[in-house]
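A quick write-up on the structure given underneath.
The values are calculated or read from the model by the stated rules, or taken from the named source; none is laboratory data. Just so we're clear, the structure is a prediction, and the values are computed from it rather than from any experiment. Here Cβ is always computed from backbone atoms with ideal geometry, including for glycine, and neighbour counts include all displayed protein chains.
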Amino acid sequence: MVWHVVPSFVQRLYPARIWAKEDSGDVVYLTFDDGPVPGVTDYVLEELAKRDQKATFFVVGDNVRKNPSLAREILDQGHKLGNHTFNHLNGWKTEQGKYLENIARCDRIIEDLLGIRTQLFRPPYGMMRSAQAAEVLSSQQIVMWSMLSGDYDQNLKPELVVKKSIQHTRIGCIAVFHDQQKTKNVLPKVLPRYLDYIREKKWKTGLL
């Protein structure tokens with residue numbers, strides 16, 4: 001089951017985390033998790049470039065290590081990077097010290113290979129303990145989402161992914177898609193239609 005929208009009561013439980021940007025004008029915030037992955041991230045970049053749209057990519061550090069040139073291409077095309085841990089760890093299932101070190105390791109690989117520091121962090125699966133979050137918030141923003149496409153769910157037909165993604169997209173929305181192996185065959189059926197919808201609405205895409 002995919003919660004395409006996080007219930008408002010859940011958002012109120014964690015007010016320090018960013019769920020949307022209400023004062024953003026006619027802007028939607030596109031984000032992609034889990035890359036960079038060859039054959040997927042480059043496809044996403046091509047589709048964004050066709051429409052002059054921008055996005056924030058929450059990268060897995062080990063994927064940056066394996067594919068530094070693709071990570072560099074994200075930046076060269078005017079997009080932004082965020083930290084998604086080094087090994088895509090579930091904070092609820094990971095001891096505090098190990099989790100924080102995994103985040104720091106992702107920061108180091110981004111800085112060492114790409115020469116930048118990111119102030120953005122997104123927990124894999126959206127799951128992290130309050131104590132972990134408190135430590136991260138001392139130096140980075142925690143970015144959640146207000147629309148989850150469900151593109152990674154093999155049980156969802158692409159038509160439904162498109163429908164739900166469009167249905168729950170609003171101005172100021174932080175929308176999540178995934179540039180990973182599971183979505184390689186789904187994104188071509190979903191992403192162009194979604195990006196065209198944003199363009200048809202005459203909305204802009206912004207960087208976090």
Subset of the stretch 171-192 [out of contact with any strand residue (DSSP E or B) (no Cβ under 8 Å at 6 or more places or on another chain) and under 23 Å from Asp62 (Cβ atoms)]: Gln181, Lys182, Lys184, Asn185, Val186
Residues satisfying the stated conditions in the stretch 151-168, i.e. touching a strand residue (DSSP E or B) at 6+ places or on another chain (Cβ under 8 Å) and either buried (at least 21 other Cβ atoms within 10 Å of the Cβ) or within 25 Å of Val64 (Cα to Cα) (or both): Asp151, Tyr152, Ser165
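Each row is one residue, and each column tells you yes or no for (1) closer than 26 Å to Ile74 by Cα; (2) modelled with pLDDT of 95 or more.
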| site | (1), (2) |
| --- | --- |
| Leu120 | yes, yes |
| Tyr125 | yes, yes |
| Ser130 | no, yes |
| Glu135 | no, yes |
| Ser138 | no, yes |
| Asn155 | no, no |
| Val161 | yes, yes |
| Ser165 | yes, yes |
Lone qualifier among Asp62, Asp42, Asp112, Asp107 - being touching a Pro at 6+ places or on another chain (Cβ under 9 Å) and either part of a helix (DSSP H, G or I) or crowded, with 17+ Cβ neighbours inside 10 Å (or both): Asp42
In the stretch 1-39, residue surrounded by the fewest Cβ atoms within 10 Å (Cβ to Cβ) [restricted to those that are of a type in the set (Phe, Trp, Tyr) and more than 16 Å from Tyr194 (Cα to Cα)]: Phe9
Number of the exception - Ile74 against (1) within 22 Å of Glu200 (Cα to Cα); (2) of a type outside the set (Phe, Trp, Tyr); (3) touching a Pro at 6+ places or on another chain (Cβ under 7 Å); (4) buried (at least 20 other Cβ atoms within 10 Å of the Cβ): (1)
Hits in the stretch 173-199 (condition: charged (D, E, K, R) and not in a helix (DSSP H, G or I)): Asp179, Lys184
Residue, surrounded by the most Cβ atoms within 10 Å (Cβ to Cβ), within the stretch 130-150, restricted to residues that are more than 18 Å from the chain's Cα centre (by Cα) and hydroxyl-bearing (Ser, Thr, Tyr): Ser139
Residues of the stretch 10-39 satisfying the condition of being under 10 Å from Ile174 (Cβ atoms), at pLDDT 95 or above and in a loop (DSSP other than H, G, I, E, B): Trp19
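Taking the stated definitions as given, is Val176 under 21 Å from Thr41 (Cα atoms), hydrophobic (A, V, I, L, M, F, W, C), surrounded by fewer than 22 Cβ atoms within 10 Å (Cβ to Cβ) and in contact (Cβ under 8 Å) with a residue 24 or more places away in the chain? Lay out the reasoning, then the answer.
On the way: under 21 Å from Thr41 (Cα atoms): yes; hydrophobic (A, V, I, L, M, F, W, C): yes; surrounded by fewer than 22 Cβ atoms within 10 Å (Cβ to Cβ): no; in contact (Cβ under 8 Å) with a residue 24 or more places away in the chain: yes.
So Val176 does not fit the description; no.
Do the conditions hold for Tyr99, that is, is it touching a Cys at 6+ places or on another chain (Cβ under 9 Å), buried (at least 18 other Cβ atoms within 10 Å of the Cβ) and in contact (Cβ under 8 Å) with a residue 12 or more places away in the chain?
No, not satisfied.
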Unique match (being at pLDDT 95 or above, within 24 Å of Ala133 (Cα to Cα) and surrounded by fewer than 22 Cβ atoms within 10 Å (Cβ to Cβ)) among Asn87, Asn83: Asn87
